[in-house]
Ligand SMILES: [Zn+2]
């Protein structure tokens, strides 16, 4: 009867997989580091886990590939 209640202590923790992102992102970063299309060559986009952004003009671009 009370078996279900016993398990209530097991809370699922949602982990953030930052490390995973970096692992993948790092390789991508080295190969496809982009310049800001607005500022032009010489201004690199800052890498975030799912997008690039320009610190100069604020332009941002998603790096998630949509199918
Ligand atoms: Zn820019």
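The values are calculated or read from the model by the stated rules, or taken from the named source; none is laboratory data. Just so we're clear, the structure is a prediction, and the values are computed from it rather than from any experiment. With ideal geometry, Cβ positions are generated from the backbone for all residues, glycine too; neighbour counts draw on all protein chains shown.
Worth pointing out:
- Taken over the range 43-67, the criterion of being within 15 Å of the ligand (Cβ to nearest atom) and not in a loop (DSSP other than H, G, I, E, B) is satisfied by 43, 44, 46, 47, 51, 52, 53, 60, 61.
- Yes/no for residue 30 being more than 14 Å from the ligand (Cβ to nearest atom) and modelled with pLDDT of 60 or more: no
- Selection count, the range 37-61, where residues are under 18 Å from the mean Cα position of the chain (by Cα) and surrounded by 11 or more Cβ atoms within 10 Å (Cβ to Cβ): 14
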